[in-house]
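Here the structure comes first, spelled out in structure tokens, and everything after it is commentary.
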Amino acid sequence: MPSLSIPTRRRFVQSGDVRLHVVEAGPTDGDPVILLHGFPEFWYGWRQQIPALVEAGYRVVVPDQRGYHRSDAPPEISAYDLPALVNDVRAVIASTGSDRAYVIGHDWGAAVAWALAAWHPEAVRRLAILNVPHLDVFRRTLRSSPAQLLRSVYILLFQIPRLPEWLLSRADHVLLTRLLTASGRRDTFAAEDLEVYRSAWRRPGRLRGMLNWYRAAARRAVSGASRTHRPADARSLGRPRRRPVGVDGPSQRRSLPRRSPGDDRPRHPLGAARRPGPGEPPSSGAPGRVTAKGPYRRSGSRAGVQPDPVSERRMPSSRRCPPSKVCRVTSIS
């Protein structure tokens, strides 16, 4: 695996019956920042952001979430229910010796981060969400927007047993490889980067584990658990410092509308967010302009992170972002 430009430490964290692989960098006495990846990523997807955060003085902690890479991949779908995923992050935070941490999530990692902040706000010092709306917003839009439902039809395909695993593993994971390269800029992935991803996908049971996130979410929605144990409304999480506007351009194909059709309720604080599709690595948009220069900067001490005074910073999404458009990150105090 290609090495980063800074030293890293690797360890394992126990979360119930699951052992999580964690990559860490930066000073051990620094404020912990937890980076949560999405599908079909693992810790390596944050490789462009880790050095910049370390340079800013943070202790950067990047787990492979359950089902991915070197973390355990339980075969049971129920093992990927949202409360279990949230408890994984709590275990990672506790392993740093801190009671709380800065949490940054993208794609599925963002969904987990939303739930963590809602259910366990005491564990989150500040929350940053990349390109994913609050879960209530996405849920309402799926019910009210046939266009959004059509764009999310791949989730239905992932519910079929064994077939998605077979399709995604064909020809040494050519579909997943194309998903990565098509969703990013031309120079995002070197040949050695793609081989790193393929080696992670080849691990026994990992494709099933990755897809079980979608299967567990579907069962949760059908069973009604999402209504009885749901993340709080975003208003309870604090006022966002940045409004997420997603990414515009010819490659944007899975965007939420700015307001669900017929929704006359007050606009959700994050209602303009646009939901990314699968396979959007956070380091593949404009990484040199993302964490290295924002969305946060050091305020002179480790007392806390302050929003970058420059309001328009490009977001680490693999969606192509035309020069005339700006992709922002949401920060919630």
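The values are calculated or read from the model by the stated rules, or taken from the named source; none is laboratory data. None of these values were measured; they are calculated from a predicted model. Methodologically, a virtual Cβ is constructed for each residue, glycine included, from the backbone with ideal geometry; neighbour enumeration extends over all protein chains shown.
Taking segment 181-223 only, how many residues are within 24 Å of residue 159 (Cβ to Cβ), polar (S, T, N, Q) and touching a residue at least 24 places away in the same chain (Cβ under 8 Å)?
2
I need the full set of residues from segment 14-48 which are in a loop (DSSP other than H, G, I, E, B) and over 17 Å from the mean Cα position of the chain (by Cα), in order please.
Correct list: 16, 17, 26, 27, 28, 29, 30, 31.
Look through 175, 163, 168, 157 and report the one residue that is crowded, with 17+ Cβ neighbours inside 10 Å, of a type in the set (A, V, I, L, M) and modelled with pLDDT of 90 or more. Please lay out each step first, then the result.
Working: 175 fails: crowded, with 17+ Cβ neighbours inside 10 Å; 163 fails: crowded, with 17+ Cβ neighbours inside 10 Å; 157 fails: crowded, with 17+ Cβ neighbours inside 10 Å.
Exactly one of 175, 163, 168, 157 is crowded, with 17+ Cβ neighbours inside 10 Å, of a type in the set (A, V, I, L, M) and modelled with pLDDT of 90 or more, namely 168.
Check 57, 26, 109, 45 and return the single one that is small (Gly, Ala, Ser), out of contact with any helix residue (DSSP H, G or I) (no Cβ under 6 Å at 6 or more places or on another chain) and farther than 30 Å from residue 176 by Cα. Steps first, answer last, please.
Details: 26 fails: out of contact with any helix residue (DSSP H, G or I) (no Cβ under 6 Å at 6 or more places or on another chain); 109 fails: farther than 30 Å from residue 176 by Cα; 45 fails: farther than 30 Å from residue 176 by Cα.
Residue meeting the stated conditions: 57.
For segment 178-193, name all the residues that are of a type in the set (A, V, I, L, M, F, W, C) and surrounded by fewer than 18 Cβ atoms within 10 Å (Cβ to Cβ).
Those that are of a type in the set (A, V, I, L, M, F, W, C) and surrounded by fewer than 18 Cβ atoms within 10 Å (Cβ to Cβ): 182, 190, 191.
Out of segment 80-106, which residues are touching a helix residue (DSSP H, G or I) at 6+ places or on another chain (Cβ under 7 Å) and within 19 Å of residue 211 (Cβ to Cβ)?
Listed by number, the residues that qualify are 80, 81, 82, 85.
In segment 155-174, what residues are of a type in the set (Phe, Trp, Tyr) and in contact with a Lys or Arg (Cβ under 9 Å, 6 or more places away or on another chain)? Show your work before the answer.
The first filter runs over segment 155-174 and keeps only residues of a type in the set (Phe, Trp, Tyr), leaving 158, 166.
158 - this is the single residue of segment 155-174 that is of a type in the set (Phe, Trp, Tyr) and in contact with a Lys or Arg (Cβ under 9 Å, 6 or more places away or on another chain).
Name the residue, out of 186, 219, 203, that is more than 19 Å from the chain's Cα centre (by Cα), at pLDDT below 95 and not in a helix (DSSP H, G or I). Break it down into steps so the answer makes sense when it comes.
Working: 219 fails: not in a helix (DSSP H, G or I); 203 fails: at pLDDT below 95.
Every option except 186 fails the conditions.
For residues that are aliphatic (A, V, I, L, M) and within 11 Å of residue 104 (Cα to Cα), scanning just segment 118-136, find the one that is farthest from the chain's Cα centre (by Cα).
Residues of segment 118-136 aliphatic (A, V, I, L, M): 118, 123-124, 127-130, 132, 135.
The next check asks that each one be within 11 Å of residue 104 (Cα to Cα); those that pass are 124, 127-130.
Values: 124: 16, 127: 12, 128: 10, 129: 8, 130: 7 Å.
Going through the qualifying residues, I end up with 124.
Restricting attention to segment 1-13, which residues are part of a loop (DSSP other than H, G, I, E, B) and either out of contact with any Gly (no Cβ under 9 Å at 6 or more places or on another chain) or at pLDDT 95 or above (or both)? Lay out the reasoning, then the answer.
In the first step, residues of segment 1-13 are kept if they are part of a loop (DSSP other than H, G, I, E, B); the result is 1-8.
Across segment 1-13, the qualifying residues are 1, 2, 3, 4, 5, 7, 8.
Restricting attention to segment 140-169, which residues are closer than 24 Å to residue 1 by Cβ and not aliphatic (A, V, I, L, M)?
Residues satisfying the conditions are 165, 169.
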